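Only one structure is covered here, and it is reproduced in the block below.
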Amino acid sequence: MASQNTEIAVIGAGIAGIAAAYYLCVEQKKKSVLLIDSRQPMSYTSAQSGDNYRNWWPHRTMTDLTNDSIDELDRLARESGNVINMTRSGYVLATRRDDVSKIAAEIPGDIDVDVYDDQSQIQQKFPALAGEIKNVIHIRRGGDISGQQLGQYMLEKIRAAGGRKLQGDVTAIERDANYQLSVASGGEASEVTAEIVVNAAGPFADRIARMLGVELPVKNIYQQKIAFEDHLNVIPRDMPFSIDLDSKYLGWSEEERSMLAEDPDLEWLAGELPPGSHCRPDGGVQGKWVKLGWAYNKQLSESQEDMANEPAIDDSFPEIVIRGAAAFIPALKPYIAAPPPRFSHYGGYYTMTEENWPLIGPLDDSGAFVIAALSGFGSMASCAAGKLCAAHICGSPLPDYAADLSLARLTNADLLAELNASPNKGLL
């Protein structure tokens, strides 16, 4: 059996694990860091990222985390000559409601926003939005990046600093003086001895945690997206990431609605659907593609041991998400009758806690750490999350929000009650 030693073993080479390894190697100057994953880096859930970022959240803690992460993204964009393709077009929150005071109250006072409540001004500023949109909040500190390029750039820096990779599946973890990781790769077994273990296993984080004797309060929900070539040129290339804040009924004909209502598996499509359908141009001002998403799925995926059987892509999702987006961006309606000939339909896991906050910090008191439950915000939060995880490991100063994002919050009954009572968990 082959064996190797490392100071720090990071289990998981998605964007969370890569970011943790990057800050350990580059900022904390750790010379012995090993990334372990059965797949190629950035090839699983991180490959399905929407690649958006924003500092708009319904709680100060998540705003602070993402502000710090955007600061780091800005730095990496400058340092790399913007190899991560970072833009700053903002987020548009659109509603047909007359009163947006409740929405505005959820936005921390120091977030840079523009509020539009004049419909003619809205049409002039955001011409793609439906005429019945009455209020728009434009979050300025938002945009998109290339998550893949971000991951690759960090990997280059990790390699340059002496970090290593091991392709294999962690099948067991034992603890004596150090951690002993059993790793299976290509039918062969190997052993890794590590002083510190970082659980960055994404949808498999709970499985790795159980190997360490810890139960994580996380769940996996499979969400889908589509991207397509906008051959009709209906989406302005400078349109911000746009989100419909209103629940809605899809525009079925009466005959279609009756047919759906008669099918127990499809009747939900005839009813009221939740807010959150969204749209943005993809590929910059010279691009032709558009991304659509809508995280309406609430069904939990199988437990981590059974996730070799991937959830099936829902063939009806493209029509559903196009209808949802067309409800507030009417120019998309032609794609309902004649779907775009060139499109990509994909899905990935939102690994999340009930309150939709990440878990970053000590997993136990013996040298195990976690960076997990980054839900649908992995790319945007990865820099600050990785930096925070590395700071925990190395005993560096921590930001004020560190305790809120660690397992320690599970003992803060007041905070959990506040978060669980909130209907808005920032889920997109």
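The values are calculated or read from the model by the stated rules, or taken from the named source; none is laboratory data. Only a predicted model underlies this, so the values are computations on that prediction, with no experimental measurement involved. Here the Cβ positions follow ideal geometry from the backbone for every residue, glycine too, while neighbour counts run over all protein chains shown.
Would you call Ala94 assigned to a loop (DSSP other than H, G, I, E, B), outside the structural domain of Met380 (by TED's automatic domain parsing), at pLDDT 95 or above and among the small types (Gly, Ala, Ser)? Answer is no for this residue.
Please work out if Ser344 is assigned by TED's automatic domain parsing to the domain that holds Met211 and of a type in the set (S, T, N, Q). It is false that Ser344 is assigned by TED's automatic domain parsing to the domain that holds Met211 and of a type in the set (S, T, N, Q). The residues listed here are Ile111, Ile70, Ile107; of these, the one that is in contact (Cβ under 8 Å) with a residue 24 or more places away in the chain, within 19 Å of the chain's Cα centre (by Cα) and over 20 Å from Trp294 (Cα atoms) is Ile70. Within the range 36-50, can one find any residue that is assigned to a helix (DSSP H, G or I), under 20 Å from the mean Cα position of the chain (by Cα) and acidic (Asp, Glu)? Looking for residues that are assigned to a helix (DSSP H, G or I), under 20 Å from the mean Cα position of the chain (by Cα) and acidic (Asp, Glu), one finds none in the range 36-50, hence no.
Just one residue in the set Thr6, Thr63 is assigned by TED's automatic domain parsing to the domain that holds Glu188, free of Cβ contacts under 8 Å to residues at least 60 places away in the same chain and buried (at least 19 other Cβ atoms within 10 Å of the Cβ); that residue is Thr63. Set side by side, the residues Ile196, Ile221, Ile173, Ile235 differ, and just one is among the β-branched types (Val, Ile, Thr) and in contact with a Pro (Cβ under 6 Å, 6 or more places away or on another chain), which is Ile235. If the condition is being within 23 Å of Lys248 (Cα to Cα) and surrounded by fewer than 13 Cβ atoms within 10 Å (Cβ to Cβ), then the range 106-119 contributes only Asp118.
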